[in-house]
Structures are given as C-alpha cells and as structure tokens.
Amino acid sequence: MVKKWKAIDKLSFLLIAALIKVSLCLYEDQVSKWDFRQSFVGRLKHFVAYDTHSTPTIVLGTEKQVLASIYLKNGSLNWRHVFECGPFNAARVEKEDGNVITVNANGLYVRSWNAKSGSLVSEYRLPESIVTENERNSDYFNFYIKEKGNEIVCAKFHQSSNRKLQFYVYTFKSQNVKESKIVAISKQLSPKDCAFVNENYFVCLDVNSLEISYVSLNDDVKFTTLSLSYFGLQSSGVPENLKLVTFNHQPDVENPYFAIDLNGDGHVLIRFENKELKLVKIFPKVKQLYIESVSFTNSESKYGLFMLISKPESLKNDVDESANVKVNKDLHQFKVAIFDMENWQEDKALMGHFTVKSNSPIIVNSMFIIPLLQSQKYSYKILISTIDGSLFLSSPQGRISWRREEALASILSAEILDLPLSELDATIEQTLGFSSENILTQFLNRVSSQIIQLQTYFTKIIADSMEAISPSIVNERGDENDENTDFDGSDLQSSGKELRTLVRDKFGLHKIIVTVTEFGKLFGIDTLSGKIVWSVFDTDLRNSLRLNPPKKLSIFVQRTTAHFPYSAKCTIVSKDGLILSFNPITGQIEDKKQLNTQVKQTMLLYHVDNTYLKGILILDKDNFVHLYPETTNQVLNKHKDTYFIVVGEEKTGLLEGYGFNAFSDENRKANRVWSLTLPTSESSSKSRLQIVFKRHGEHVHSQGRVLGDRSVLYKYLNPNLMVVTIEGTDPTISEFGKKFSFITLYLIDAVTGSIIYSTIHKRSKGPVFVVHSENSVVYSYYNEKSRRTEISSLELYEGKTQVNATSFSSLHRQVIRPFIEHQNFIFPTGISSMVDTLTEKGITNKHLLIALPSGGILELPKAFVDPRRPINPTMEHREEGLIPYVPELPIPSEGIINYNKSLVSVRDIITAPSSLESTCLVFAFGLDIFYTRVTPSKTFDILKDDFDHWLIAGVLLILVGLSYLSKWLAARKTLNNAWK
Ligand SMILES: *[C@@H]1O[C@H](CO)[C@@H](O)[C@H](O)[C@H]1NC(C)=O
C-alpha cells in the first residue's frame, strides 16, 4: 500500500512540474516582444586600441573591469569580457602582433586578446614574489605595458610604509623578472598620485605640498622632487584638485611628455629633456589634451597636440516668445584645436567643433582621438567620456554619431512607476474631482467633457490616418545614420513628440522606470521601448554619493501620478543629508536641499497631507527628526502614536526602536523605546546587518490556508514584523586556526522589540538575500561546511483560530505567539539576487525570482520552498496540494525568464504590479539592464495572442441563427400538431 502511494507521489510531483513548465514557456515569436535587454560596459578608464579597417572598432577598458570592443559606426557592442574581482590596472595594444594586453587584479592576470574577435590568446601571472592572491584587491600597484617586447613595468608600494617602493620589469613570454632596489620617496604618497609617463619615467604629484617627484628607471633609481613653483606655477591658496595626465603616444620615447590638469582651469604640459623636467607650455582654459599622430596639410605624418576647449558660456536656446514654446535644452559647445608639436603652429583646417545638447552640466572626463584616412584625406573622430558616464563619438564637423549612457551600468536603485493620465482622462478626472458644485453643474460638466472626448477621439483618428500617409518624421538630431533602432546602450533620447504620448494604458503595462546611478545621474526609461525618456545629472548628488557611497539608496515615491492635478514626485535622501526631489515623468528637478547633519535613518510616512503628498521622516545622528517637506510636520503630529522607526548599527549589532510620542513643534527628538544588542563577531568590522520589512502596502488576498481536512490555518500577519540577519565570526569554534562565520536570523516586532523567533546557521556566510512577504520569509546563505548555497524558508501561522480578523496590534495585551514552519533547501548554484513577484491584489501565486551567477534569472514557484512540504506525504497533504519534500531545488531551463539574454553581475531585481492581476513587471539591473513581464499563475485574465475572434464570433452567430431556426421549426411543428 505504502509503496503504491509513493509511486503516485512521484507521479503527482512530475505532473506538477510538468504544469509549471507549461506556464513558463516562451514561443519563438514572443522573443523581445515584452522584454528588452541593454548591455553596458561601464565608465571608460582605458582607451586601448582602434582599428579603422573593414569594420572599424574601438577597444575600451572600463571601471567595471570590462574589456569591450565597440563598433565605431553605430556604437553598439561587438564583444565584451568581464574580468574577475580586482582593479583593471592597464591595457594596451602590442605593436608587433596587434594583440591587446591587459593587466587586472594587480597582475594576477596578464592576458593577451585578439582585438578583432575578442578571443583569448594567452594568459600569464605575475610571480608570487610581486603579487599574492591576498593583494588582488589592494591598491599598492601601478602598471605600465610596454609597446613592444611583451614587457610590463610595475611599481609596488610597500604595505608598511607608503614611502618605499620597488620597480619590477616582467617579460611575460619568458616569465623573466627584473627588480630594482627599494626606493624611498620623501612624501607620503599613494599609487593614485603617481603614474608611469612611459617605460622609463615614473612621476608622482603631491597635491598638498604642490610638489612633483620623478624617477628615471634607466639609471640610478632615485627620486628627485621639485616644487611646482619651480615652473612658475603658484597655488591660489585653495587646495586644488590637480591631476597627472599621461599620454599613450609619445613623439620621442627618450623625452616623453606629460601634463598636469589644473582642475578644469587648464593644463600644464611638461616634458623630460635630458632627464630633467622642462615646462613646455601652459594652456589656460583647456579641458583635455591628447597626443596623436596627424598628417597636417601638405606634409607627412607628425605628432600633433589636440586640445579640447569648451566655449566660454554654453549657449542657451532662445526662448521663442511668439510660439510660446520653451526649449529646455542647453547647448554646450566644444572646440578641438590642433597644434603641430614641432613648431607649435595651429592647423586651422583640421580644427573641430561640436555641440552637445544637455540640460545638465557636461564635465569631460577624457578625450581620445581616432585618426582616419578617408579617400586619401586625413580626418579624425573625437571620442569623449564625461564624468556622468556618457560616451559619445563626434566628427570634427560636429556630427555626433552615437552616444552611450554608461551610467546605466552603475544603477544604485530603481522604481517602476505609473504614467500619468492622458489629457483627456485628466479633464474627466478634474470634473469629477471638484464635488463642491451642485449636481446639475457636475452633470453638465460631465456631458460636455464627454462631448470633448468624442471630438478628440475623431480628431485623433484623422490625425493618425494623416500620419500614416505623410513621410517619416525627420530625425531630430539630423544624423546621417538613422539606424539607431537597437538598444545597445546608445542614447535614444526621445523627442517631445514621443513624450506627449507617455500616458497610462488600460492595463497598466506601460510604465516608466526611474533609476538613480552612482554618478549622480538619474534616468527615466520607457518600459515598452526601453528608450531613455529623460536624464538628469546633478553635480551635488554626484559629490554626495562619491564621498559617502551608500549600499542602497531608496527612491521615495512621495506622490504617484494618481492625484491629478498634482504631479508625481520622487525624492532621494543621501547619507550626508542631501535631499533631491524630482518629477519622475519629466525628470525636472523640483527641489534641492542640504541638511547640515548625517542621516541615520529615513522613512516614508504612509499618511498623506492635503496635497496627497507623503512626507519623508529623516532621523539624524542626534535623533532629531526632520521632515521633508517641512509642512508634513502636521501629519506626523496628528498620527505620532502610530509611527515607529528602527535603526541598526552594523559594527556593534545594536538595534534601537524609536517612537514619536513626545514629538511636537518644540521637541523634535525621537524617543528611544527599546534597544537590543545582537551578538556579532569580536572583530566587529566583518558583521553585516540587514533589516528587511515587508513591502509597504502589500495586499494579502487570503488570511489563511485551507488544509487537506478543509480546516483553515490562519496566517500570522504582523505588519510590524521585521527580519534581521547578521553575519558574524564565531569566537569559539576554531579548526586549524580558522575562524568560522555564522549567520543569525531574528524575527523581531519593530514596535515592541520583542524577538518572535531566532535561528542560527553555523559555519555559514553571506551574502544573505531575504524575501519577506505576507507570513513568509525566504532567505539564502552560503553553507561553508557543505560548500553549497542553501535557501531557508519559514512561514508563520496563528493557528486554527484567529484572534482578530480585522486589525493587528503589537501592543495587544494578549500577545499572539505564532507557530513557525521552517525548512531548508539546497540550491544548486550561487545566488546574486532574490526577490518575489508582486501583483495588484495578491491573488496570483507568488514566485521567487533568483538571479544566478551564470546570467539567468530563474522564476521558481514558491510552492517549491514551502516549508510545509512533507517528507512522508499523506492523503491530506496531497489534498492540500503540497509537493513531497526533496532537499534539492530544481533549476528548470524553462524557468529562466531571460532565456538567452544573459545578464552579467546582477545587482538587484525590482518588481511592480501592473493593472492586470496576472502580470508582474520585472526590472533587473547590474552591468546590463533587463525588463520583462512575468505571469506566475499564467495569463488567466488575458486572451491568448492566437485567440480566434472570428471563429468565436462565427460560432456565436451560427448558434443565434440556429436557435431562431429551431424556434421557427418548433412553432411550425406545434401549429401542425394543433391542426391535426
Ligand atoms: C552596428 O554595426 C555593426 C558593423 O557594421 C553591425 O554588425 C551591427 O549589427 C550594427 N548594429 C546595429 C544595431 O545596427
């Protein structure tokens, strides 16, 4: 009997698995229909090579440890390699065979690549005597790759003292190392202040004392220090942000050039002449310098110095008063001047200039020149990388061929937001909104607006048909190559025309993704096309994020688009108190404010003020409460008993809960209600604390779970429940002198601070990903003992009776102690991010979305991680629909929602509901961005694509016809019968 049951279990398991397969399949013609992926490379760090033959490409190295080849013509990606962790130190093309040599992870990997195909040619390692495995992330190194001879020059600073360093020359083909004696510098300098000018000279710039030190590697290796005043350069009193600039191409290897960037005020060109420094020229107002070989008019190839000069003031487009149209875009003009390095004559004929449209400042980070020989005539292209991650290519005539927004490779956080109502719906909304008028006027308003609606409907139809006839719209930028239809990170700013059509659709599938990036640049991305709708770069935000890099930065949605005529409003609050508020639909920055304090915790109030705005509560380091905007003070005052905030301190494991009972206009301090110290490691630097609440405003469809015997198990739905996980090192268990780390998880009531449940995973480490929703918590960690990733799942239940069905209070005298089901599972691969799906009403099943290191995003039904999965299934379990417990979780390839569109280093996934209950919107970001829809319970509220409307209509018609026919026949029959 038992055996028979087991067989049936397996069968039912297979059946369920088969059903899941069906729901997740994607047809061939659905590829890219609802999803888009855009691949990025990161902000430019090394310009490596250009190849202007048959298909012109450029090879770049970036700050995201990527080596990439990009088509010169359209800016799309040719190939890309992402390196392992550790800095991308240097890259250069080898003169003899044209291969690209890269040094990364401080020389742990020295590789040579085929520049055309991107295939790996060979790989070497610097010997242990120079770099060890532990030093892969350190910053003691400078590298220089020689143009010829397969040699790498390396400068290594001593860990103990920054004043000592040693040089090595490594010939990687023969694995031969030459090392210099240990050299001392008089200054406390770091490798960041230094650079190789070429293989012979190493230069350091001390920004504080304004001194320059250099060493020649050819003879007696010894530093010489000079003050910048030796060149007649005077500091203006303010400590300046000077930077060393080195050049890849040198006219004369014995006497190389380098430059000092005077913080945007100009450049100083310096040259080694007979092993001594000589000031060549000072170029005030020059933004960038670059040396490249040029064939000047009527002469053979020589070296030229290219200079990027920004025109004094960016030209604002005139506001056309008469047409009453405001053009909000500023034009930034740049000029490229070229000097012959032999006689310092400027060649006016080759001069270039271009204009960049942007409503934010353009700060050029680097400029590169790509020489071209077009029909025997010398020409060049200008490649510009800006500080906000834009990369674009311009011709000297000012035509910008393409632009990539590489800031999107560094997204900190994102939100998917609703679009506003169309103008039409908005007017209707408006007529309904003002209920102060009497019924008759309201009715008349309604009727008139519906007439308008009808009118606009017809005009729209006419306009649409006209558009279909008229020729295609001229590209706004006037580009020659209009083939920008792909989505490979090329900037596709839509014009005002498209902006106007950004309105909500019926099913809430058309939305806007708002993102904040590490560079302080914000983007709005259309979910249907993947196009960038707007982008804004804010220098204050950039500085704030650079000085205090946050792990996570929330975008607070203070007001959605649902409250016409008020526009939507989003706000970000940085750690050092910068508040930036913007309109998520237009990207307009509406407010910027700086608090003079460090921010400890932030929270969005859930009560709105009379303009439907939710305030942001900011707790500063002295426990003072700031509200943004100030006016929401009243809201907090009114509901102060219902607000609580929790602060966790990573180092000490101290958790504190604050209330606002005593809050008033005079006393703006939060009062501490409870505190709790969680055990961490003794070397507290390694603890990592994470607090996870449920999603704000989550809908719970069902309060209980129906069991096999038709009784109900009620869910424990405490809205104040938080999950706290902390990683620490165990001081006691020690084997072979190695300390083991552990992970503890607590379920704590945020209002009272009482611990509801806790569990410890010994010999385990992070990263811990937590999914907390309804009555369930799913989290993942790495088990060091078994060397595998595990997913742990727990569910909380009140029991078979419910204490209070309508509300929950943490302060209730009769505290509910939930009972908890807990189960662990083995996950076959690592995890780089984990979230759950979210739908409008919470009726649809929840699935987990797990980003895998291999590049896939797995959609795993939550039933697989149900802690109630029985080991010995009974009839009742089957009735309840539970899958028998198997420790290993499956990774079905049909469950990979991004099919073959692999995503590299996913940082986070966000989900948002659409207006269709079945559909959840997903946006994943990392080095790539990916957007799609998922339907966890299949598309039960959507007709299939291949739904045959004609057949159904035909069948209906026939049925109606038949019923009339049969009615007629029946009537005739009864008549005939009556006559009998
Ligand atoms: C860009 O140009 C390359 C080379 O001509 C081509 O292979 C690629 O498909 C182009 N990309 C797009 C999106 O047009």
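The values are calculated or read from the model by the stated rules, or taken from the named source; none is laboratory data. Values in this document were obtained by computation on a predicted structure and should not be read as measured data. Every residue, glycine among them, receives a Cβ derived from its backbone with ideal geometry; neighbour counts consider all protein chains shown. Just so you know, the surface numbers come from the protein's heavy atoms only, side chains and all, with ligands and any DNA or RNA stripped out. Shrake-Rupley method; radii C 1.70, N 1.55, O 1.52, S 1.80 Å.
Efficiency by 1/(1 + (r/R0)^6): what FRET value for Lys181 and Thr939, r their Cβ-Cβ distance, R0 = 60 Å, to the nearest 0.05?
Given R0 = 60 Å and the Cβ-Cβ separation, E is 0.25.
Rounded to the nearest 0.05, what FRET efficiency is calculated for Thr974 and Ala953 with R0 set to 35 Å and r the Cβ-Cβ distance? With a Förster radius of 35 Å, E is 0.65. Helices of the chain meeting both criteria, an alpha-carbon length of 27 angstrom or more along the long axis and an average Kyte-Doolittle score not below 0.0, with helices taken as full DSSP H segments, are 2-24, 439-469, 949-979. Residue order by solvent-accessible surface for Cys85, Cys154 is Cys85, Cys154, largest first, with ligands and nucleic acids left out and a 1.4 Å probe.
In the structure displayed, which of Lys64/Lys521; Lys243/Lys521; Lys357/Lys593; Lys45/Lys192; Lys614/Lys638 lie more than 19 Å apart, Cα to Cα?
Lys243/Lys521; Lys357/Lys593
Binning the C-alpha pair distances of the stretch 492-614 at 5 Å intervals from 0 yields a P(r) profile of 2, 10, 20, 22, 20, 15, 9, 3, 1 %, listed from the shortest bin outward. Accessible surface ranking for Leu77, Leu541, Leu811, 1.4 angstrom probe, highest first: Leu811, Leu77, Leu541.
Report the net charge of residues surrounding Glu133, where surrounding means a beta-carbon distance below 14 angstrom and charges are Lys +1, Arg +1, Asp -1, Glu -1. Local net charge: -1. The distance from the alpha carbon centre of the stretch 896-955 to that of the stretch 263-294 is 55 Å, rounded to a whole number. Here the relative contact order of the chain, from alpha carbon pairs under 8 Å that lie six or more residues apart, stands at 6 percent.
Entry note, the stretch 819-875: relative contact order of 33 percent, from Cα contacts under 8 Å with a spacing of 6+ residues.
Computed over the Cα atoms of the chain, pair by distinct pair, the Kirkwood hydrodynamic radius stands at 32.7 angstrom. Per the helix-only calculation at 222 nm, which mean residue ellipticity applies to the chain, given -39500 (n - 2.57) for every DSSP H run of n ≥ 4 and division by its residues, nearest 500 deg cm²/dmol? Mean residue ellipticity, 222 nm, calculated: -4000 deg cm²/dmol.
The label-point distance for Glu888 and Asp265, in a model that sets each label 7 Å from Cα toward Cβ, rounds to 6.7 nm. Our estimate of slack between Ser963 and Lys377, defined as 0.36 nm per intervening residue step minus the Cα-Cα distance, is 202.7 nm. Candidate cross-link partners of Lys178 among the lysines, defined by an alpha-carbon separation under 19 Å and a same-chain spacing of 8 or more, comprise Lys146, Lys148, Lys156, Lys164, Lys222. In this structure, Lys841 and Asp464 have a Cβ-Cβ separation that, at R0 = 25 Å, corresponds to a calculated FRET efficiency of about 0.15.
By the rule of a C-alpha distance below 16 Å, with chain neighbours fewer than 8 residues away ignored, the aspartates and glutamates paired with Lys275 are Glu199, Asp219, Asp220, Asp252, Glu254. Annotation: aspartates and glutamates with alpha-carbon distance below 16 angstrom to Lys694 (same-chain offsets under eight excluded): Asp749, Glu774, Glu795, Asp836, Glu840. Applying Stokes-Einstein at 10 °C and 1.306 mPa s to the Kirkwood radius of the stretch 679-790, computed over alpha-carbon pairs, gives a translational diffusion coefficient of 101 µm² s⁻¹. Working from label points 7 Å from Cα in the Cα-to-Cβ sense, the Lys592 to Tyr457 distance is 4.6 nm.
For the set His158, His332, solvent exposure ranked by accessible area (probe 1.4 Å, protein chains only) runs largest to smallest as His158, His332.
Net length available on complete extension from Glu273 to Arg125 is 49.8 nm, with 0.36 nm assigned per residue and the Cα-Cα distance removed. The relative contact order of the stretch 608-677 comes to 25 percent, based on Cα pairs under 8 Å that sit 6 or more residues apart. With each label modelled as a point 7 angstrom along the Cα→C-beta vector, the Asn543-Arg817 pair spans 5.7 nm.
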